[in-house]
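One structure below.
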Amino acid sequence: MASVNPIFESLSVDPGQVTAVNAAYDLACRTLQHIGQLEVDREIIARRIVQAAGDGERDVGKLCERAIHGLTALDYRQHST
């Protein structure tokens, strides 16, 4: 059985969804990093993936798309310098 990414420990994830959820989360983080948007709140990404998986989605690409689609400025971490 695949292990759950620590960010998902407090979220409700069915054991059958673990592989798709973990892969979608990793893909979303890599995608955001690739386009220069690394500082998105990762818990928001995780919750969106779990919500999409809860709706029955199992396709990793679609889970990723639903997680990052429509992110707003409020979804990004605020860093003071």
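Table for the structure above
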item: Residues of region 47-60 that turn out to be assigned to a helix (DSSP H, G or I) and either closer than 16 Å to THR19 by Cβ or among the basic types (Lys, Arg) (or both), as a count; result: 8
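To keep it simple, each residue is scored yes or no on (1) modelled with pLDDT of 85 or more; (2) in a helix (DSSP H, G or I); (3) open to solvent by less than 80 Å² (accessible area, probe 1.4 Å).
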| residue | (1), (2), (3) |
| --- | --- |
| LEU11 | no, no, yes |
| GLY16 | no, yes, yes |
| ASN22 | yes, yes, yes |
| ASP26 | yes, yes, yes |
| CYS29 | yes, yes, yes |
| ILE45 | yes, yes, yes |
| LYS62 | yes, yes, no |
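The values are calculated or read from the model by the stated rules, or taken from the named source; none is laboratory data. Since we're looking at a predicted model, the values are computed, not measured. In this analysis, Cβ positions are derived from the backbone assuming ideal geometry, glycine residues included, and neighbour counts consider all displayed protein chains. Areas reflect the complete protein model, heavy atoms only, side chains present, ligands, DNA and RNA absent. Shrake-Rupley method; radii C 1.70, N 1.55, O 1.52, S 1.80 Å.
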